[in-house]
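*Asks:* Take this structure first; my questions come after.
The values are calculated or read from the model by the stated rules, or taken from the named source; none is laboratory data. The model shown is predicted, which means the values in this text are computed figures rather than measured ones. In this analysis, Cβ positions are derived from the backbone assuming ideal geometry, glycine residues included, and neighbour counts consider all displayed protein chains.
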Ligand code: SAM
């Protein structure tokens, strides 16, 4: 029925699906200590509704890669079954998950057996006390156990995502990279974005891609890898390779021009950009009996309306109403 092409010719093949807006951490840069008002379960897509929408996206709209996220996707009941059903789709999409790793030690094997291909695990610090301050939960050992389990289950290459914050963990870039190199994990550093529920993001506090690259270069030689394609990460060979490190400069080195990503929130809204201020509802049409053709048409219209860029540098920029945890990072 045709690909998801926007008005600038960008073809969208990567669908990020949020399975829940709930999380078992309370990272300071993401949500307040008391958590957020979670979406009532009646408003969330059921497993069947979710699989139906993804089926249309994969079969009819050219989506080739599906990433499960949240909130914390491991909190979704029925996760293994959802993965199994998505892995049965034709053509078979690549299946990845972004997770904080808590609970992965128990689930990694079952997820791999069900068809999950890869995971990205978020890890901002290797220090117990800092983890507690930053994520407001004492769970570093669970994350590390999850990383080991992911590797053992073959969910590789296992990527590790870190957000560096000034005066909080920005002295850990080298330690995190060394940790990843020793374990054969692919480290990626992400610039902090204005997507926190508290609206506390300040540009001057953000540790920039330039700073990160500079810090890493103090110990390692970084050689840019050619052929980035639509990847958000700029990849560098570390000391000539084969190990690599990625830097995702969403704010200072935007990559909107090659964006191929679209998001489906846990309550069934299509978002054509992380920073979009408008969403297109698929849940109510699905519940009202919409045909696959209607779902595909709404999906395509949502992409057609995509803006050229996220506009963070624009004086008129307004942070989206939904925080990252409710969009699906
Ligand atoms: N709970 C899962 C996890 O921890 O990976 C998936 C959802 S979480 C929102 C996805 C990623 O977004 C995490 O790596 C997290 O660090 C990152 N993140 C959250 N808020 C962010 C922000 N304001 N700027 C940049 N990254 C952010």
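*Asks:* Pick out the one residue from 261, 271 that is under 30 Å from residue 184 (Cα atoms), within 16 Å of the ligand (Cβ to nearest atom), in contact with a strand residue (DSSP E or B) (Cβ under 6 Å, 6 or more places away or on another chain) and modelled with pLDDT of 95 or more.
*Replies:* Of 261, 271, the one residue that is under 30 Å from residue 184 (Cα atoms), within 16 Å of the ligand (Cβ to nearest atom), in contact with a strand residue (DSSP E or B) (Cβ under 6 Å, 6 or more places away or on another chain) and modelled with pLDDT of 95 or more is 261.
*Asks:* Condition first: closer than 22 Å to residue 299 by Cβ, surrounded by fewer than 19 Cβ atoms within 10 Å (Cβ to Cβ), in contact (Cβ under 8 Å) with a residue 12 or more places away in the chain and touching a strand residue (DSSP E or B) at 6+ places or on another chain (Cβ under 9 Å). Can you find one or more residues in the stretch 28-47 that meet it?
*Replies:* No: the stretch 28-47 contains no residue that is closer than 22 Å to residue 299 by Cβ, surrounded by fewer than 19 Cβ atoms within 10 Å (Cβ to Cβ), in contact (Cβ under 8 Å) with a residue 12 or more places away in the chain and touching a strand residue (DSSP E or B) at 6+ places or on another chain (Cβ under 9 Å).
*Asks:* Moving on to the next point. Determine which single condition residue 232 fails, assuming it passes every other condition in (1) within 13 Å of the ligand (Cβ to nearest atom); (2) over 21 Å from the mean Cα position of the chain (by Cα).
*Replies:* (2)
*Asks:* What number of residues in the stretch 63-80 are away from the ligand (no atom under 16 Å from the Cβ) and assigned to a helix (DSSP H, G or I)?
*Replies:* Total satisfying the criteria: 1.
*Asks:* Across the stretch 151-168, which residue is farthest from the chain's Cα centre (by Cα) among those that are outside any loop (DSSP other than H, G, I, E, B) and within 12 Å of the ligand (Cβ to nearest atom)?
*Replies:* Applying the filter and picking the extreme gives 165.
*Asks:* Of all strands (runs of 3 or more DSSP E) completely enclosed by the stretch 175-288, which ones contain at least 1 residues that are in contact (Cβ under 8 Å) with a residue 40 or more places away in the chain?
*Replies:* Strands (runs of 3 or more DSSP E) meeting the threshold: 186-190, 234-238, 244-248, 261-264, 269-271.
*Asks:* Which of (1) within 15 Å of the ligand (Cβ to nearest atom); (2) in contact with a helix residue (DSSP H, G or I) (Cβ under 9 Å, 6 or more places away or on another chain); (3) on the phi < 0 side of the Ramachandran plot is the odd one out, the single condition residue 101 does not satisfy?
*Replies:* Unmet condition: (3).
*Asks:* Quick one: is residue 219 at pLDDT below 90 and farther than 21 Å from residue 276 by Cα?
*Replies:* Considered against the rule, which asks whether it is at pLDDT below 90 and farther than 21 Å from residue 276 by Cα, residue 219 comes out as no.
*Asks:* Looking at residue 188, is it within 16 Å of the ligand (Cβ to nearest atom), under 19 Å from the mean Cα position of the chain (by Cα) and at pLDDT 95 or above?
*Replies:* Against the criterion (within 16 Å of the ligand (Cβ to nearest atom), under 19 Å from the mean Cα position of the chain (by Cα) and at pLDDT 95 or above), residue 188 qualifies.
*Asks:* Kindly provide the set of residues from the stretch 40-51 that are out of contact with any helix residue (DSSP H, G or I) (no Cβ under 7 Å at 6 or more places or on another chain) and part of a loop (DSSP other than H, G, I, E, B), ordered by number.
*Replies:* Across the stretch 40-51, the qualifying residues are 40, 44, 46.
*Asks:* Can you spot a residue in the stretch 303-311 that is crowded, with 18+ Cβ neighbours inside 10 Å, within 16 Å of the ligand (Cβ to nearest atom), touching a residue at least 60 places away in the same chain (Cβ under 8 Å) and assigned to a loop (DSSP other than H, G, I, E, B)?
*Replies:* There is at least one residue in the stretch 303-311 that is crowded, with 18+ Cβ neighbours inside 10 Å, within 16 Å of the ligand (Cβ to nearest atom), touching a residue at least 60 places away in the same chain (Cβ under 8 Å) and assigned to a loop (DSSP other than H, G, I, E, B).
*Asks:* Which one is surrounded by the most Cβ atoms within 10 Å (Cβ to Cβ), of the residues in the stretch 134-150 that are in contact (Cβ under 8 Å) with a residue 60 or more places away in the chain and assigned to a helix (DSSP H, G or I)?
*Replies:* 135
*Asks:* Output yes when any residue across the stretch 115-132 is under 19 Å from residue 47 (Cβ atoms), at pLDDT 95 or above, more than 12 Å from the ligand (Cβ to nearest atom) and buried (at least 17 other Cβ atoms within 10 Å of the Cβ), and no when none is.
*Replies:* yes
*Asks:* A further question on this structure: Would you mind finding the one in 60, 6, 21 that is within 12 Å of the ligand (Cβ to nearest atom) and either over 20 Å from residue 297 (Cβ atoms) or modelled with pLDDT of 95 or more (or both)?
*Replies:* 21
*Asks:* I'd like to know if the stretch 295-302 contains one or more residues that are within 16 Å of the ligand (Cβ to nearest atom), surrounded by 20 or more Cβ atoms within 10 Å (Cβ to Cβ), at negative phi and touching a residue at least 24 places away in the same chain (Cβ under 8 Å).
*Replies:* Taking every residue of the stretch 295-302 in turn, none turns out to be within 16 Å of the ligand (Cβ to nearest atom), surrounded by 20 or more Cβ atoms within 10 Å (Cβ to Cβ), at negative phi and touching a residue at least 24 places away in the same chain (Cβ under 8 Å).
*Asks:* Being within 14 Å of the ligand (Cβ to nearest atom), within 16 Å of the chain's Cα centre (by Cα) and within 21 Å of residue 65 (Cβ to Cβ), is that true of even one residue in the stretch 316-324?
*Replies:* Within the stretch 316-324, one or more residues are within 14 Å of the ligand (Cβ to nearest atom), within 16 Å of the chain's Cα centre (by Cα) and within 21 Å of residue 65 (Cβ to Cβ).
*Asks:* Does residue 54 meet the test of being assigned to a helix (DSSP H, G or I), surrounded by 15 or more Cβ atoms within 10 Å (Cβ to Cβ) and within 16 Å of the ligand (Cβ to nearest atom)?
*Replies:* Here the answer is no, as residue 54 does not meet what is asked.
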